[in-house]
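Participant: One structure follows; several queries about it will come next.
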Amino acid sequence: MSKRSKLCIIFALSCLASFPLRGEDGYNLWLRYTPVSDKQLLEAYRNSIGGWMIENSSPTADAARRELRMGLDAMLGHPVEEVKTLKYNGIIIAGTFDSPTLSRLDLKSQTKDIGAEGYIIRTMRYADRNITVIAGETERGMLYGVFHFLRLLQTRQPIGQLSIENAPKTRVRILNHWDNLDRTIERGYAGFSLWDWHKLPEYIDPRYYDYARANASVGINGTVLTNVNANALILTPAYLKKVAALADVFRPYGIRVYLTARFSAPIEIGQLKTADPLDPQVQEWWKQKVREIYQYIPDFGGFTVKANSEGQPGPQNYKRNHAEGANMLADALKPFNGIVMWRAFVYDNKVPVDRTKQAYDEFKPLDGKFRSNVMVQVKNGPLDFQPREPFHPLFGAMPSTPLMMEFQITQEYLGQATHLVYLAPLFKEVLDADTYSKGNGSSVGKVLDGSLEEHQLSGMAGVANIGNDRNWCGHPIAQSNWYAFGRLAWDHTLSPEQIAAEWIRMTFNSNPEVVNTITNVMMASREITVKYMTPLGLHHIMGYNHHYGPAPWIKDKPRADWTSVYYHRADEQGLGFNRSSSGSNALEQYQPQIRKIYEEGETCPEEFLLWFHHVSWDEKVRSGRTLWDELCHQYDEGADSVKWMQEQWNSLEGKIDDDRFLHVKTFLHIQQQEAVWWRNACLLYFQTFSKRPIPKDLEKPDQALEHYQAQEFRFAPGIRPRW
Ligand code: GCW
């Protein structure tokens, strides 16, 4: 054997050896760019794509160039030529409206206003040739267009006659990382923080680029790098240098960096005696600090602030209100076009009659008092990211203030890393909810995209589920929640099914059986989870502090509203929190159209029954069963449906890659056991009040209540261990 052929064999063997190891570990997310295997489609794509060109030159244009080359070469199965002119049929030309060749097509006059981030994708004729134009006013728009075009190929769509115009509905589409400087992540279930602070700014982990690509591919244009339970150190020069290094990586992808501002920073790192927002020295300190930040990061986005909530310092420490606190920071950021995202997740140290009323009570009177570069960031529901909550009553109640949505992508209350729960239906339920604030059709989506009150600023934040696990999000399917958040932040009118289907095609494959089966499982998953965790409007009955697993028996903690009994109010009569006019009257925070329906148990939508009413055990609900029987049935149905999810998933064996098939299969087994755990623990506990039997036709718990109550999880993820 010649030396050369020996080398070839060694090369081939080493390729083989490394191939299975790389496998499908989820690292590539939805940007896998797998080769098109359908011969006819491949032929059609090859006919439409003879070559590609981008005339712009900038880091963003380079990012588009790299992506287009990588995507096209991989999907078409050969190197697609990068050309300098439209020399033959089937050239993809990407650029800005004013780039040399595209400016000749006069695209601007033929396009409606698509703003700085919008784009068009159009099949056109140019000098007797067919071309495909991907263009925006800016290079950011172009980059989004390139990702959209690649998505068409990834999802195997026809590209022969394209006429697409697209622009985002909200301006700030942002991830909130609850990442600490020691790399732990509050409520993170996918490993440690991506931000390797210790090695920054010198070492740039290649993952930062892939993070930026993934975000840009769904239109996310901002990232808050640090936990809202903030550490002022991030604002010191040593850390700002590190932040600047990350900003440099993200900038070409249209992503701005934001930080959390700890309100007491002037004391902690500025040696001042106070952080009073009306104190001139404090104001000057922040102005100087902001100037310094912009020296490091010229396009710094601004601050997210959690103030006077769960022990975080804030303006109320100095008898000032939230607007006074937010405005001080806004004034410092204004000269640089920075913004403040001031969170409305607040609750008093004095335990209130009803915690769900607090944000509204504190913020509504401040409507109109915030500077124009402040957005108030409101969680989707009035409590805290529960599996199901009604929409937050602040939406529609502060017409003079741009309100931002805060969703939680990380599954703090939804099974953490091991439960398959597709969150787009949850997001969508809230976005589509009608606030009636300006009559019918005043949806939450229209409040937050600014269209209802004509606000310039608008935004949607998602608490990230990303960590340094190889597959980014822990659960292979949890990637879909990152994806869906980005897609809905861009356009809240998209449907969860459509988002799921495109994600599945890109993440797994386009086999209709695969797409249908996984779509069905994903679409049903949230409702199933609600049933085995918190059916009929129950809420906040999870484990104390770590929030893992069921614990409706939690009581006697430092604050009543950190317990479960505060929320479910089970007693011998019945179950549920009366928030109607005969109870806490939280309902008064909603418009009359909502109050009317929710005020009475008979007309209240059943999914919110126990959220708004204390219902007696024997009262008949919609199914004709008593409340107790219905509760048993719903818990049972939820737990049982996880078996259905397992069956569905098992039918995919051999139709998707083995690695991810097995990974999800194993997690579904955990989910099934934990769903039974939820059902048993909750029913046994509530039974101590209802004193009624579990209906005969349902499976009985195989352990006693004491067994479940004795469970301890000292090292559950997402919290700092306490022992
Ligand atoms: O959901 C709760 C979490 C806290 C979190 C808080 C918040 C960052 O349990 O861990 O703190 O909400 O949103 O501020």
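Participant: Say R0 is 30 Å: what FRET efficiency, to the nearest 0.05, do K620 and M523 get from their beta-carbon distance?
Facilitator: Efficiency computed from Cβ-Cβ geometry: 0.50.
Participant: Same structure, new question: For region 399-483, report the accessible area per residue in Å² (1.4 Å probe, heavy atoms, rounded to an integer).
Facilitator: Averaged over the residues of region 399-483, the accessible area is 23 Å².
Participant: Pull up all non-local amide H partners of S437: gap of 5 or more, or a different chain, and H-to-H distance under 5 Å with H placed in the peptide plane.
Facilitator: Answer set, sorted by chain and number: S442.
Participant: Using only Cα atoms and rounding to the nearest 10 degrees, what angle (0 to 90) does helix 280-296 make with the longest principal axis of the chain?
Facilitator: Tilt relative to the chain: about 30 degrees.
Participant: Listed highest first by mean packing, meaning other Cβ atoms within 10 Å per residue, what order do 648-655, 414-421 come in?
Facilitator: My ranking of the peptides, most packed first, is 414-421, 648-655.
Participant: To the nearest 10 degrees, how steep is helix 39-48 against the longest Cα principal axis of the chain, on a 0 to 90 scale?
Facilitator: 70 degrees
Participant: In addition: Please give every one of the lysines within straight-line cross-link reach of K112, meaning a C-alpha to C-alpha distance under 28 Å, and leave out same-chain neighbours fewer than 8 residues apart.
Facilitator: List returned: K169, K428, K438, K446.
Participant: Rounded to the nearest Å, what's the spacing between the alpha carbon centres of region 60-103 and region 238-286? Just the number, please.
Facilitator: Each part's Cα centre sits 40 Å from the other's.
Participant: Another question, if that's okay. Quick one: grab the alpha carbon gyration tensor of region 621-712, order the square roots of its eigenvalues as a ≥ b ≥ c, and give me rounded if a/c is under 1.5, else prolate or oblate depending on whether a/b is larger than b/c.
Facilitator: oblate
Participant: Can you list the lysines whose alpha carbon is less than 23 Å from that of K199, not counting same-chain residues fewer than 8 positions off?
Facilitator: List returned: K241, K242.
Participant: List the residues whose amide H sits under 5 Å from the amide H of V463, counting only those 5 or more places along or on another chain, with H placed 1.01 Å from N in the peptide plane.
Facilitator: Under 5 Å from the amide H of V463: N176, F407, Q408, I409, T410.
Participant: Next question, about the same structure. Excluding residues on the same chain fewer than 8 positions from K700, give the aspartates and glutamates whose Cα lies under 14 Å from its Cα.
Facilitator: Those aspartates and glutamates meeting the cut-off are D629, D636, E637, D640.
Participant: If you stretched the chain out fully between A710 and I597, how much longer would it get, using 0.36 nm times the residue separation minus the C-alpha to C-alpha distance?
Facilitator: So the extension gain works out to 36.6 nm.
Participant: Sticking with this structure for a sec: Carbon and sulfur atoms: what percent of the 1.4 Å accessible area of region 660-710 do they account for?
Facilitator: 59 percent
Participant: Over 18 Å between C-alpha atoms is what I'm after, so list which of K87/K108; K531/K643; K334/K369; K357/K379 land there.
Facilitator: K87/K108
Participant: Net charge around T666, counting only other residues with Cβ within less than 14 Å of its Cβ (Lys, Arg = +1; Asp, Glu = -1)?
Facilitator: Taking every Cβ under 14 Å from that of T666, the sum is -2.
Participant: Please list, in order along region 457-466, the HN-Hα scalar couplings obtained from phi with the Karplus expression 6.51 cos²θ - 1.76 cosθ + 1.60 (θ = phi - 60°), rounded to whole Hz, x for Gly and Pro.
Facilitator: Whole-Hz 3J(HN,Hα) from phi for region 457-466: 7, 7, x, 9, 10, x, 6, 5, 10, 9.
Participant: Something else now. With runs of 4+ DSSP H residues as the only contributors, calculate the mean residue ellipticity of the chain at 222 nm using -39,500 (n - 2.57) per run, divided by the residue total and rounded to the nearest 500.
Facilitator: -11500 deg cm²/dmol
Participant: For region 499-513, just list the computed ³J(HN,Hα) in residue order, Karplus coefficients 6.51, -1.76 and 1.60, θ = phi - 60°, integers in Hz, with x standing in for Gly and Pro.
Facilitator: 5, 4, 4, 5, 5, 5, 4, 7, 8, 10, 7, 9, 4, x, 5
Participant: For the peptides 656-664, 514-522, what is the packing order when you average, over each peptide's residues, the other Cβ atoms within 10 Å and list the highest mean first?
Facilitator: The most tightly packed comes first, giving 514-522, 656-664.
Participant: Here's another thing I want to ask about it. Starting at the first residue of region 202-207, write each ³J(HN,Hα) from the Karplus equation 6.51 cos²θ - 1.76 cosθ + 1.60 with θ = phi - 60°, in whole Hz, x for Gly and Pro.
Facilitator: Result, ordered by residue: 5, 8, 9, 5, x, 4 Hz.
The values are calculated or read from the model by the stated rules, or taken from the named source; none is laboratory data. This structure is a prediction, so every number in the text was calculated from the model and none was measured. Neighbour counts run over all protein chains shown; Cβ positions are idealised from the backbone, glycine included. Remember, those area values only see protein heavy atoms, side chains included, never the ligands or the DNA or RNA. Shrake-Rupley method; radii C 1.70, N 1.55, O 1.52, S 1.80 Å.
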